[in-house]
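The values are calculated or read from the model by the stated rules, or taken from the named source; none is laboratory data. The structure displayed is predicted, hence computed values, not measured ones. All Cβ positions, even for glycine, are placed from backbone atoms using ideal geometry, and neighbour counts span all protein chains on display.
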Amino acid sequence: MKELSEKSELSVGFLSQLERGLTTIAVDSLEKLADILEVHLTHFFDYPLKRNDMVLRSYEQEMMDSVEGGFIKYSLSTNLENKQLVPRLIEILPQKKDEEILSYKHEGEEFIYVLEGILTVYINGKRHEVYPGDSVHMDSNIDHNWANYTNKKVKLIAVNTPNYIYNSGLYTTDDD
């Protein structure tokens, strides 16, 4: 972990949180890790195939990612090709209150709408408790992150730009 930290210029603490699913990472930093580990960026993801229909039924939602220790992400789109928005349903499992949450920033814009549970959001070093029905809309180039310090699951809708999945080559189909 120390060697990866030195090569990537990411702290050991951040890498440890990332490994345990307690934080998220900007795409450019993830690309750097992929290069260091000599794997393709898609190694970290398993995304649904492109579909031609525009309606996604609740029973058709596919899991985009499941990170041990915390986050389960579902795609809310049938096709991200040529789209600007990345809509996801995210479930965040409870985490320990004593674990430090490291903020990060990246290109784009984010919108979060809490469906259930209490989400703790950090924006520019300030802590906010976000309840069901509350939302957050911000430029992603400010320091931010979120956590679930309760003993219940937090469920939210997150919509991000830019479309890092399709534009970075992560989104592939059998036709490609």
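Structure values in brief
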quantity: Residues of region 119-140 classified as assigned to a strand (DSSP E or B) and either free of Cβ contacts under 8 Å to residues at least 12 places away in the same chain or farther than 28 Å from L10 by Cα (or both), total; calculated: 6
quantity: Residues of region 68-87 satisfying the condition of being surrounded by fewer than 20 Cβ atoms within 10 Å (Cβ to Cβ) and farther than 24 Å from L15 by Cα; calculated: L76, T78, N79, E81, N82, K83, Q84, L85, P87
quantity: Subset of region 141-176 [part of a loop (DSSP other than H, G, I, E, B), at pLDDT 90 or above, in contact with a strand residue (DSSP E or B) (Cβ under 7 Å, 6 or more places away or on another chain) and not charged (D, E, K, R)]; calculated: I142, N148, Y149
quantity: Pick from region 122-139, criterion crowded, with 16+ Cβ neighbours inside 10 Å and at pLDDT 95 or above, ranking: farthest from V154 (Cα to Cα); calculated: V136
quantity: Residue count for region 106-136, restricted to those that are among the small types (G, A, S) and under 24 Å from A26 (Cα atoms); calculated: 3
